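I have placed the structure first, in the form of structure tokens, so that the comments after it can refer back to it.
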Amino acid sequence: MRYDVLVIGGGAAGCMAAGTAAQRGKTVLLAERNDRIGRKIMISGKGRCNVTNACSLLNELIENVPVNSRFLYGAFSRFMPYDTIDFFEELGVPLKIERGSRVFPQSDKSVDIVDALDRFLKANGVKRVKSRIVKFNIVDSRIVTAQDENGKIYEADSYIVATGGKSYPLTGSTGDGYELARQCGHTITELKPSLVPLEASAQWVKELQGLSLKNISITVFDNETYREIYSDFGEMLFTHFGVSGPVILSASSHIKNFEKDKYSIIIDLKPGLSEEKLDARILRDFNEFPNKSIANGLSKLLPHKLLPVIVKLSGIPTDLKVNQITKDMRRELVYLLKHFTVNISGFRPIEEAIVTSGGVDVKEINPKTMKSNICDNLYFAGEVIDVDAYTGGFNLQIAFSTGVSAGKSV
């Protein structure tokens, strides 16, 4: 059977593109390599799915896209976050807004978003097939047919590539779309991890494995230029390799031209207290336990797992009682708690990134329609394009907005 549209990839962008095209009366076939759609959506937001961000202004949306943001003006204008919210609530998924304007299902279940997309596809008559498309047959800058890994041929008037990036390959995102784009003559910009955990070189970091810090602030510092390049407030996690968690993932988007130990993460463990107030708090605790060791004297202030590391880095002898600690020692301790520094040695592999930075060059795509400037009947949507954003629901919004643009234009 010949279709009007073949959509390759059943993630957020592919589902939105397929359903939108079908709403317009197009016959649509969605080819997804997995047994079900939305595998990556299922694990997003720790299984809760941060479906979008409730910012209402276009410029605010654009500001949260550090890579090729201008390319997205048209797509965002066509389908804004409030459109996404309306879309899912009309499909029977009540949503809620949390800190940072992040939008989640009220149920806190990603499966509700996937099920809603499934209903959207079925309601509009989208046909589906489990198939991994690996090859385009091209004649005179036009795709004639697509072929899957088993040699089966699919024929359509137009093709939408929405295969995602290279992050989380277990969900099916293995970079197939980049090869399909190359076959059509497209340029693929350098692929790098974005929104990815960071590796740290200090041995003491491993001692903190599993420690989660909440309500801390971080600053990313460039050790070569002596400049602060990013700051954030929230939650982070120490791992066996370094650091992770929401503020770290966002920070990774700002780290470019990586070299070992070029960047440091400076953690303020007590951002709600000035150095003077923190010193007064420590002095009060010390006065309460004058004959205890420094670790025990800090036990009310810091997590238990952090105490040995802080004592070691402070340089204060472990056998000193808190009533023997001098004012200068205490001043150094306060500075350490406000400037707890982790030197970054590298990114984790791209397979562990939430988003792939890089992809199909935006100069080769029409920003209003997502249509290829090289191949007459080819369109792109989602992460396969060289655009990526910060955490907070912005990357899924890119997927939905570009998917709608492709679906309306094809």
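Every condition in (1) touching a helix residue (DSSP H, G or I) at 6+ places or on another chain (Cβ under 7 Å); (2) not assigned by TED's automatic domain parsing to the domain that holds THR391 holds for GLY359 except the one numbered (2). Restricting attention to region 220-244, the residues being over 24 Å from LEU191 (Cβ atoms) and in contact (Cβ under 8 Å) with a residue 12 or more places away in the chain number 12.
Only a single criterion out of (1) out of contact with any Leu (no Cβ under 9 Å at 6 or more places or on another chain); (2) touching a residue at least 24 places away in the same chain (Cβ under 8 Å); (3) of a type outside the set (Ser, Thr, Tyr); (4) over 30 Å from ALA75 (Cβ atoms) is not satisfied by VAL342, namely (1).
Of the residues SER101, SER167, SER141, SER194, the single one that is more than 30 Å from SER345 (Cα to Cα) and within 20 Å of the chain's Cα centre (by Cα) is SER101.
Residues that are outside any loop (DSSP other than H, G, I, E, B) and in contact (Cβ under 8 Å) with a residue 60 or more places away in the chain were ranked within region 153-162; the one that is nearest to ASP386 (Cα to Cα) is VAL161. Taken over region 299-309, the criterion of being surrounded by 14 or more Cβ atoms within 10 Å (Cβ to Cβ) and in a helix (DSSP H, G or I) is satisfied by LYS305, LEU306, LEU307, PRO308, VAL309. Taking each residue of region 310-321 that is in a helix (DSSP H, G or I) and looking for partners that are of a type in the set (D, E, K, R) and modelled with pLDDT of 90 or more with beta-carbon atoms closer than 8 Å, six or more apart or interchain, yields SER314/GLU332.
Of all residues in region 237-258, those being in contact with a strand residue (DSSP E or B) (Cβ under 8 Å, 6 or more places away or on another chain), within 15 Å of TYR390 (Cβ to Cβ) and of a type in the set (A, V, I, L, M, F, W, C) number 4. Of all residues in region 217-264, those satisfying the criterion of being over 20 Å from GLY358 (Cβ atoms), in a loop (DSSP other than H, G, I, E, B) and among the aromatic types (Phe, Trp, Tyr) are TYR226, PHE241. Given the residues ASN137, ASN150, which is the only one that is assigned to a strand (DSSP E or B) and more than 25 Å from SER405 (Cβ to Cβ)? Step by step, each of ASN137, ASN150 is checked, and only ASN137 is assigned to a strand (DSSP E or B) and more than 25 Å from SER405 (Cβ to Cβ). Residues that are touching a Cys at 6+ places or on another chain (Cβ under 9 Å) and assigned to a loop (DSSP other than H, G, I, E, B) within region 108-134 comprise ASP108, LYS109, VAL126, listed in sequence order. Within region 314-343, being in contact with a Phe, Trp or Tyr (Cβ under 9 Å, 6 or more places away or on another chain), surrounded by fewer than 16 Cβ atoms within 10 Å (Cβ to Cβ) and under 26 Å from ASN215 (Cβ atoms) holds for one residue alone: THR341. Across region 354-388, which residue is modelled with the highest pLDDT among those that are under 28 Å from GLY242 (Cβ atoms), buried (at least 24 other Cβ atoms within 10 Å of the Cβ) and aliphatic (A, V, I, L, M)? Here the answer is VAL387.
Screening the candidates GLU155, GLU190, GLU149, GLU179 for the property of being of a type outside the set (Phe, Trp, Tyr), in contact with a Gly (Cβ under 6 Å, 6 or more places away or on another chain) and surrounded by fewer than 17 Cβ atoms within 10 Å (Cβ to Cβ) yields one hit, GLU190. Out of curiosity, is LYS166 surrounded by 14 or more Cβ atoms within 10 Å (Cβ to Cβ), of a type in the set (D, E, K, R) and modelled with pLDDT under 95? For LYS166, the condition - surrounded by 14 or more Cβ atoms within 10 Å (Cβ to Cβ), of a type in the set (D, E, K, R) and modelled with pLDDT under 95 - is met.
Within region 67-105, being assigned to a loop (DSSP other than H, G, I, E, B) and buried (at least 16 other Cβ atoms within 10 Å of the Cβ) holds for ASN68, PHE79, MET80, LEU91, VAL93.
Here's the yes/no breakdown for (1) touching an Asp or Glu at 6+ places or on another chain (Cβ under 7 Å); (2) modelled with pLDDT of 95 or more; (3) assigned by TED's automatic domain parsing to the domain that holds TYR390; (4) of a type in the set (Ser, Thr, Tyr):
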site: SER201; (1), (2), (3), (4): yes, no, no, yes
site: LYS206; (1), (2), (3), (4): no, no, no, no
site: SER212; (1), (2), (3), (4): yes, yes, no, yes
site: ILE216; (1), (2), (3), (4): yes, yes, no, no
site: PHE221; (1), (2), (3), (4): yes, no, no, no
site: TYR226; (1), (2), (3), (4): no, no, no, yes
site: ASP232; (1), (2), (3), (4): no, no, no, no
site: LEU237; (1), (2), (3), (4): no, yes, no, no
site: VAL243; (1), (2), (3), (4): no, yes, no, no
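Restricting attention to region 355-368, does a residue exist that is within 14 Å of the chain's Cα centre (by Cα) and part of a helix (DSSP H, G or I)? Within region 355-368, not a single residue is within 14 Å of the chain's Cα centre (by Cα) and part of a helix (DSSP H, G or I). Look at (1) part of a helix (DSSP H, G or I); (2) under 14 Å from SER167 (Cβ atoms) and you find that GLN397 fails only one, number (2).
Screening LEU301 with (1) in the same structural domain as GLY100 (by TED's automatic domain parsing); (2) modelled with pLDDT under 95; (3) aliphatic (A, V, I, L, M) gives one miss only, at (1).
Within the set of pairs 6 or more residues apart or between chains, which connect a residue that is without any contact (Cβ under 8 Å) to a residue 40 or more places away in the chain inside region 36-57 to a residue that is in a helix (DSSP H, G or I) and surrounded by fewer than 20 Cβ atoms within 10 Å (Cβ to Cβ) with Cβ atoms less than 7 Å apart? Hits for this filter: SER56/TYR82.
The values are calculated or read from the model by the stated rules, or taken from the named source; none is laboratory data. All figures in this text were calculated on a predicted structure; none of them were measured in a lab. Reconstructed Cβ throughout: ideal geometry from the backbone, glycine too, with neighbour counts over all protein chains shown.
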